[in-house]
Amino acid sequence: MPKQSFKVCLCWRRVFKTRVVEPPLDIKNAFYSFSPSGMMTVDDLLRFLIEHQGQKNATKEDAQAIFDSLKHLNIFQRRGLHLEAFFRYLLGDLNLAHPPSKVHHDMNAPLSHYFLFTGHNSYLTGNQFSSASSVEPIKDALLRGVRVIELDLWPNSSGNDVNVCHGRTLTSSVGLQKCLEAIKENAFKASEYPVIITFEDHLNPNLQEKVAKMVTETFGDILYTSETENLEQFLSPESLKKKVLISTKPPKEYLEGNTQGEEISENEGGTVANECQSSSQWNPPEEGEHVPDEDEGKVVPEYRQLIAINARKLEGGLENWLSDDPKKVSRISLSEQKLESAAKTYGTKTVMFTQRNLLRVYPKRTRLDSSNYNPFVGWMHGAQMVAFNMQGHGKRLWIMQGMFRANGGCGYVKKPDFLLHRGPNDEVFDPNLPWDVKTIMTVKVYLGEGWHQDFHHTAFDRYSPPDFYTRIGVAGVPVDKDVKQTATIEDEWLPVWDEEFKFQLRAPELAVLRIKILDYNTTGRHYFGGQVCLPVSELRTGIRAVPLHDKKGNKYKHARLLLSIKFEAP
């Protein structure tokens with residue numbers, strides 16, 4: 001790509017010369033310090049991996065694999081790597097800041113010791129008010145590693161079958177059987193670890209009985225059911241591999257008609273009913289209201305037996321909701337606003353509750369556009385199921401995707417020890433106390449490449465190459481939140497920034513490195529050029545490549561950055 005022209009008018013074109021980026025000074029210094037002769041051998045490369053990149057367990061076989069990966073390039077020489085070949089290796093997939101990895105967390109602890117990749121209204125294709133319901137978002141979520149799928153169960157218009165939809169809205173419905181089959185087909189393609197289906201149940205006992213039959217026949221042996229109704233401790237993800245679990249409130253609690261604080265109240269703010277409810281024979285009571293039904297005395301044992309994780313009915317106030325029964329564990333659901341209240345008033349009680357029990361947090365009902373909330377409020381208080389709308393894109397969903405790239409992308413991330421620890425007097429971590437700085441992360445942004453291969457040459461500007469700049473920052477607990485920005489490199493597909501930034505981290509175990517590339521525009525509307533979020537706890541030090549992703553989280557084929565990453569004591 002020696003030159004590139006942009007048509008300005010019928011008789012005039014702007015021509016830009018393109019250049020080949022030279023290795024930055026840091027790369028040259030690193031290369032010559034490990035290969036003074038100007039040719040890096042396998043032994044030289046191994047020393048570089050161990051001493052400069054911090055790969056203490058690197059072997060000669062690892063270095064040889066890098067050599068072998070470069071043999072197809074014209075720049076490769078059998079005697080060793082010269083500077084250009086070494087530079088190409090640093091930008092390649094064998095040198096990623098966060099490479100694909102295997103599950104490496106201890107997976108034998110109870111479920112309550114993990115953050116779970118959790119979806120909200122998993123069947124919706126778009127907004128929360130008028131979009132279609134479909135199995136496609138369920139499939140997509142599971143293939144991205146989501147482990148908790150939410151289905152809202154309503155009677156169909158005839159009252160003789162079960163549909164999935166967002167009640168009291170204009171959203172369409174999809175049959176429950178189709179959703180169950182989609183889950184079964186895709187549950188374990190991205191991860192072998194258990195899939196939990198949370199039911200928001202708006203059904204009468206007859207339809208609950210029908211659901212029980214559908215679920216048991218669809219999942220068969222992969223459906224996990226508990227032999228005891230009251231578990232003293234949850235099982236581990238390892239023991240539940242390739243199992244599907246159902247979580248909802250026991251039937252009797254629905255029939256009692258008290259839905260205070262639970263997710264059922266999320267659907268009661270609308271004024272327009274959809275087919276899931278408009279002609280139904282069974283309309284759930286308004287909050288706190290009890291409506292008798294002729295089948296009220298009928299509790300369906302088959303439906304109760306489905307429930308592997310009991311969702312507890314919320315009674316009383318926040319303090320009572322967060323009470324920990326030593327004889328049994330359960331799940332509760334709080335809206336994002338209720339969680340914020342709990343965090344302010346009952347921070348340590350929330351942490352203590354989540355050490356044994358499951359806490360699911362869901363978006364407030366005004367997020368009709370399928371936007372999301374700050375997940376760190378939940379995570380820093382131990383909430384395992386921070387439920388997100390997966391239908392759109394944006395900063396918070398990117399952060400969620402970044403967090404769950406950890407632990408091999410299996411959808412389960414072990415909570416930091418400080419959230420699980422109890423002192424001699426039963427004291428737990430207090431999120432409201434001051435946090436000490438644990439580490440300082442230094443990130444140097446060298447350069448970027450690959451956009452001219454992934455985008456049309458007028459994708460960013462009709463008349464010139466893009467003017468890229470990088471926003472780099474940390475998402476995490478409030479005291480760790482920080483954003484920096486590089487200079488703008490004008491008219492260049494291969495921008496070189498060579499800028500360094502430092503971040504003080506107090507909870508690196510919960511931190512996510514955020515990177516976003518933008519094309520500067522004088523109108524103020526800067527065009528998107530890629531993004532990625534990576535778990536800080538798993539970043540590799542040294543000079544590393546970082547592939548970029550599109551707005552939906554799909555990786556570009558070529559666009560990437562070259563960074564250096566370093567951690568040091570404060």
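If you scan the range 23-37, which residues turn out to be surrounded by fewer than 18 Cβ atoms within 10 Å (Cβ to Cβ) and touching a strand residue (DSSP E or B) at 6+ places or on another chain (Cβ under 9 Å)?
L25, D26, S37
So which residues in the range 429-447 are touching a helix residue (DSSP H, G or I) at 6+ places or on another chain (Cβ under 9 Å) and open to solvent by less than 30 Å² (accessible area, probe 1.4 Å), if there are any at all?
P431, T439, M441, Y446
Which ones in the range 124-148 are out of contact with any helix residue (DSSP H, G or I) (no Cβ under 6 Å at 6 or more places or on another chain) and surrounded by 21 or more Cβ atoms within 10 Å (Cβ to Cβ)?
Passing the criteria: L124, Q128, S131, S133, P137, A141, V146, R147, V148.
I'm checking my understanding of the structure. Among residues of the range 388-407 that are of a type in the set (G, A, S) and part of a loop (DSSP other than H, G, I, E, B), which one is farthest from R144 (Cα to Cα)?
For the range 388-407, the residue satisfying everything is G394.
Quick one: in the range 79-103, of everything that is outside any helix (DSSP H, G or I) and either charged (D, E, K, R) or without any contact (Cβ under 8 Å) to a residue 24 or more places away in the chain (or both), which residue is nearest to Q401 (Cα to Cα)?
K102
Since G476 meets every condition but one in (1) surrounded by 17 or more Cβ atoms within 10 Å (Cβ to Cβ); (2) free of Cβ contacts under 8 Å to residues at least 40 places away in the same chain; (3) of a type in the set (G, A, S), which condition does it not meet?
Single failed check for G476: (2).
For the range 104-139, how many residues are of a type in the set (F, W, Y) and part of a loop (DSSP other than H, G, I, E, B)?
Qualifying residue count for the region: 3.
Name the pairs whose Cβ atoms lie under 9 Å apart, with the first residue in the range 145-158 and farther than 21 Å from L359 by Cβ, the second among the β-branched types (V, I, T), and 6 or more positions between them or separate chains?
Every condition considered, the pairs that remain are L153/V162; L153/V164; L153/V211; L153/T248; W154/V162; W154/V164; P155/V162; N156/V162.
List pairs: first residue in the range 430-447 and in contact (Cβ under 8 Å) with a residue 12 or more places away in the chain, second residue of a type in the set (V, I, T) and in a loop (DSSP other than H, G, I, E, B) anywhere in the structure, Cβ distance under 7 angstrom, at least six positions apart or on different chains.
Here the result reads W435/V477; V445/T486; L447/V21, each pair linking the range 430-447 to a residue that is of a type in the set (V, I, T) and in a loop (DSSP other than H, G, I, E, B).
Determine if the range 437-455 includes at least one residue that is farther than 30 Å from V21 by Cα and aromatic (F, W, Y).
There is no residue in the range 437-455 that is farther than 30 Å from V21 by Cα and aromatic (F, W, Y).
Since A97 meets every condition but one in (1) of a type in the set (G, A, S); (2) more than 30 Å from A30 (Cβ to Cβ); (3) open to solvent by less than 20 Å² (accessible area, probe 1.4 Å), which condition does it not meet?
(2)
For V536, which of the numbered conditions (1) within 22 Å of G409 (Cα to Cα); (2) touching a residue at least 40 places away in the same chain (Cβ under 8 Å); (3) open to solvent by 10 Å² or more (accessible area, probe 1.4 Å) fails to hold?
Condition not satisfied by V536: (3).
Filter the range 365-382 for residues that are touching a helix residue (DSSP H, G or I) at 6+ places or on another chain (Cβ under 7 Å), in a loop (DSSP other than H, G, I, E, B) and touching a residue at least 60 places away in the same chain (Cβ under 8 Å) and give the result.
Within the range 365-382, R365, M380 meet the criteria.
The values are calculated or read from the model by the stated rules, or taken from the named source; none is laboratory data. Every value quoted in this text rests on a predicted model; they were computed, and no experiment measured them. FYI the Cβ positions are ideal-geometry reconstructions off the backbone, even for glycines, and counts take in every protein chain you see. The area values use the complete protein model at the heavy-atom level, side chains included, leaving out ligands, DNA and RNA. Shrake-Rupley method; radii C 1.70, N 1.55, O 1.52, S 1.80 Å.
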